[in-house]
Amino acid sequence: MVLLIFLGLLVTLNAGFAASNATLNKTTNLTTNTTKNYAAGSSGTIINIKVLIYNGNQAAYSCVNGIKTSLSTANSKKLVPGYTFTYGTSTVINSATLSGYDVLAMPGGTSGYNYMHSSAISATAIKNFVKSGKGYLGICAGAYAGTYRVYEYYYGWGLAPHVRATHPNHEGDLTVKITSKGQQVLNTTGTVTMAHYNGPAMYASSPALIFATYADNIINSKGMAAIVGDYYGKGRVVLSGPHPELDPQLPKVVANMVVWAANKTKPDPKNMVSNAQIAVAAATVKAYYEKNKVLPRSVTINGNKVSMSQFAYLLAKGVVNVNSGSVASITIRSVKAAPKPSGSYRKGNIKKANYVSIAKGLIDFIGKNGRAPNFLITPLGNISFSKYVYMYSKIMNFYKINKRLPNYVSM
């Protein structure tokens, strides 16, 4: 059992106190821990979720460490098939430190009130982060701060706008009952024991979801929400009153809370294609173009009929994959047609370094604009849509035959 020392403050600030450790992590540098390729599934179906854990002033070291070890255990024991977790820590939370992460984890600490009034934590940055489609995990103090309101004490950040909290006073273990929705999200059933250090008992109204309720009346909150999920802008928020990251540790619960908050759905294998499958389709398109002098309307890959705009994206991804040695599957995405295809160029050869670089630019363009470009700028001039689809079909057809990319492509 973790020894936790609580700070005594005025009663108006005492609301939202969580597990507090006498030795808080004082490092000022952003630190990261990366663990990869532990989850079940092929390389093409693994999703990595990047979690930033706050470990600055007012955060309890035991809670920070508990989240770390829970995620590491989830990786090593493959507790959430299809997902791996990368975590970093920071003593400062702002838009710069949040950049590149999928979920912010605010652990147990002295109080939600102190989090909200810390100069090291930017509420605006957190709100913008979640609103943009990212996730927030708040445990105990982090949960208080994330609520709309803590009754009789203060208003929270409002990241969970449909959740309000009361402040029980209790330190020790208690039991929580996993709801039917919680069984789906947390992949856990029945009644489980969790550590509790003055964490919130919550009221949740639609569309917020209740994943677990307090199962006993130790804190006079039997039946009230213990773990909830809510929505803020495009993002998701999970708040937990008890501590699944502390002894008795429940790493599967912690990891699944992170997965729900991140909202990064595992891709459907039926909508994914391999380099080899793209190469086979490229041979078909190449032959069709050379015979008819126009592109086909579509081509079928792994049972999926894709448009030529979609195929342009897949060709570019396939070329980049092969060049880097990656065998990761590629997800078929929606791509609108090039609105006004045009271009002119002189005959000649485009070297491998150039066509790989151009493929990366094509991928970036589609990612930003959702459509295929009208032409690609190359050393030979501007190559129109149909011609560059043909060009990359030639390249991937060469790969199909020779198991490598050509040194150049002739146009």
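Key figures
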| item | result |
| --- | --- |
| Test: residue in region 73-86 that is closer than 19 Å to Tyr197 by Cβ and modelled with pLDDT of 95 or more | no |
| Of the criteria (1) more than 26 Å from the chain's Cα centre (by Cα); (2) modelled with pLDDT of 95 or more; (3) part of a loop (DSSP other than H, G, I, E, B), which one Glu245 fails | (1) |
| All helices (runs of 4 or more DSSP H) inside region 119-235 with 2 or more residues being charged (D, E, K, R) | 123-131 |
| Residue list for region 222-232, restricted to those being touching a Ser or Thr at 6+ places or on another chain (Cβ under 7 Å) and not hydrophobic (A, V, I, L, M, F, W, C) | Gly223 |
| Region 299-324: number of residues that are polar (S, T, N, Q), surrounded by fewer than 15 Cβ atoms within 10 Å (Cβ to Cβ) and in a strand (DSSP E or B) | 1 |
| Single residue of region 260-299 satisfying the filter (among the β-branched types (Val, Ile, Thr) and modelled with pLDDT of 95 or more) that is nearest to Gly182 (Cα to Cα) | Ile278 |
| Selection status of Lys347, out of contact with any Gly (no Cβ under 8 Å at 6 or more places or on another chain) and assigned to a helix (DSSP H, G or I) | no |
| Residues satisfying the stated conditions in region 368-404, i.e. surrounded by fewer than 17 Cβ atoms within 10 Å (Cβ to Cβ), under 33 Å from the mean Cα position of the chain (by Cα) and small (Gly, Ala, Ser) | Gly370 |
| Number of the exception - Ala105 against (1) closer than 10 Å to Glu245 by Cβ; (2) part of a helix (DSSP H, G or I) | (2) |
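Yes/no per residue for (1) closer than 20 Å to Met272 by Cα; (2) of a type in the set (Ser, Thr, Tyr); (3) outside the structural domain of Gly82 (by TED's automatic domain parsing); (4) at pLDDT 95 or above:
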position	(1), (2), (3), (4)
Asn304	yes, no, yes, no
Lys317	yes, no, yes, yes
Ser324	yes, yes, yes, no
Asn354	no, no, yes, yes
Ile363	yes, no, yes, yes
Ala372	yes, no, yes, yes
Ile377	no, no, yes, yes
Lys394	no, no, yes, yes
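Residue-wise test of (1) in a helix (DSSP H, G or I); (2) closer than 18 Å to Tyr288 by Cβ; (3) in contact with a Leu (Cβ under 8 Å, 6 or more places away or on another chain).
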residue: Ser334; (1), (2), (3): no, no, no
residue: Lys340; (1), (2), (3): no, no, no
residue: Tyr355; (1), (2), (3): yes, no, no
residue: Ile358; (1), (2), (3): yes, no, yes
residue: Val389; (1), (2), (3): yes, yes, yes
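Residue-by-condition table, conditions (1) assigned to a strand (DSSP E or B); (2) of a type in the set (A, V, I, L, M):
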site: Lys68; (1), (2): no, no
site: Leu71; (1), (2): no, yes
site: Ala74; (1), (2): no, yes
site: Lys78; (1), (2): no, no
site: Tyr87; (1), (2): yes, no
site: Ala96; (1), (2): no, yes
site: Gly100; (1), (2): no, no
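The values are calculated or read from the model by the stated rules, or taken from the named source; none is laboratory data. Not measured: the values here are computed from a predicted model. Please note: Cβ atoms are built from the backbone with ideal geometry, for glycine as well, and neighbour counts cover all protein chains shown.
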